[in-house]
Amino acid sequence: MQYKFYVQMDGETFGPYSAREVRDLQLMDDILVTEESMNEWLPACRFDFDDMVRKELGSYINDDGTITRPEFVAPVTEPETIDSGHTSDVPEAIKGWNWGAFFFNWLWGICNGIYWPLILIVLNFIPYVGPIIAFFCCIALGIKGNEWAWKAKAWSGIAEFKRVQHNWAIAILWIFGISFIIGLIIGFSS
């Protein structure tokens, strides 16, 4: 049995993937997934990819609890055409604004292999013009951050890259939410 899964992230559809490939992507539970034979998109948490991988490999659980597997023949796979890290062109699918790069600038840069944003720390200590220059650097990071991060670090694919950058955006929401609640508490207590 061979599955053909499709994954939907940020309004784009990726695939087809086998059950093993989807399992190895380690998708967040709220990412939508469908299988070729289905006519609806479901959250990734609704699928048991481990069981589907066993079915793809043809393993069966016998009545006595032992597993019967046919002889495994490693499939011949072509090398992945998507390459990242210093030499590749940037795929159109990842171009766009990066909120993590804009808000977390130097911290995001270190985690994504881009070290020039560290200068923003020093710029903020220069009176008057430093914060203005730093703000424009943050805008540049927001605009070009995805491209720079794609080239600076080796990614296994677009799905992994988008997942990591999505996590940075979620972190911003958490920080804003916590800051807002702390601000309310301080405001009401004074």
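List of remarks:
- Selection from Ile175, Gln165, Leu120, by position along the positive dipole direction of the range 92-189 (Cβ): Gln165
- The stretch between Phe180 and Val129, if pulled fully straight at 0.36 nm per residue, gains 15.5 nm over its current Cα-Cα span.
- If you model the range 5-62 as an ellipsoid using its alpha carbon gyration tensor, with each semi-axis the square root of five times an eigenvalue, the axes come out at 21, 11, 10 Å, biggest first.
- Size descriptor, Kirkwood hydrodynamic radius, that averages inverse alpha-carbon separations across the range 92-189, Å: 14.6
- Taking only the alpha carbons of the range 121-177, we obtain Rg and Dmax values of 14.5, 43 Å in that order.
- The magnitude of the dipole of the range 92-189, with charges of +1 and -1 set on the Cβ of Lys/Arg and Asp/Glu and taken from the Cα centre, is near 140 debye.
Laboratory data are not the source of any read-out in this text; all were calculated from the coordinates shown. Everything numeric in this text was worked out from a predicted model, so none of it was measured. Neighbour counts run over all protein chains shown; Cβ positions are idealised from the backbone, glycine included.
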